[in-house]
1. Can you go through 46, 36 and tell me which one is surrounded by 12 or more Cβ atoms within 10 Å (Cβ to Cβ), without any contact (Cβ under 8 Å) to a residue 60 or more places away in the chain and assigned to a helix (DSSP H, G or I)?
2. Looking at 10, 55, which is the one that is at pLDDT below 95 and farther than 24 Å from residue 90 by Cα?
3. Does any residue in region 72-92 that is in a loop (DSSP other than H, G, I, E, B) come within less than 6 Å, Cβ to Cβ, of a residue that is surrounded by 10 or more Cβ atoms within 10 Å (Cβ to Cβ) six or more places away or on a different chain, and which pairs are these?
4. So is residue 26 on the phi > 0 side of the Ramachandran plot, exposed (fewer than 11 other Cβ atoms within 10 Å of the Cβ) and not in a helix (DSSP H, G or I) or not?
5. Which of the numbered conditions does residue 81 fail, given that it passes all the others? Conditions: (1) at pLDDT 90 or above; (2) out of contact with any helix residue (DSSP H, G or I) (no Cβ under 7 Å at 6 or more places or on another chain); (3) surrounded by fewer than 13 Cβ atoms within 10 Å (Cβ to Cβ).
């Protein structure tokens, strides 16, 4: 078993209900696992938002020639990615 940190706190009743429902629906085995899953999803959303901000800043700073090359690559990638569902989660 991986090392785990002990957390002792109180949470809002609706959040407890959500975690308990994850256990009841067998999305998690324990409340701790349900909390880990929920926090993992939040962290993924935070990481995606940070990537979006960093990507926008990168493109805003490009020179004209580099921007044209990126646009060409973007079009090629968009065509290839049309068949991929990036938001599909196998554990959801």
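1. 36
2. Values: 10 fails: at pLDDT below 95.
Going through 10, 55 in turn, the sole match is 55.
3. Listed by first residue and then by second, the contacts come to nothing, as the list is empty.
4. Values: on the phi > 0 side of the Ramachandran plot: yes; exposed (fewer than 11 other Cβ atoms within 10 Å of the Cβ): yes; not in a helix (DSSP H, G or I): yes.
Here the answer is yes, as residue 26 does meet what is asked.
5. (1)
The values are calculated or read from the model by the stated rules, or taken from the named source; none is laboratory data. Keep in mind it's a predicted model, so treat the numbers as computed, not measured. In this analysis, Cβ positions are derived from the backbone assuming ideal geometry, glycine residues included, and neighbour counts consider all displayed protein chains.
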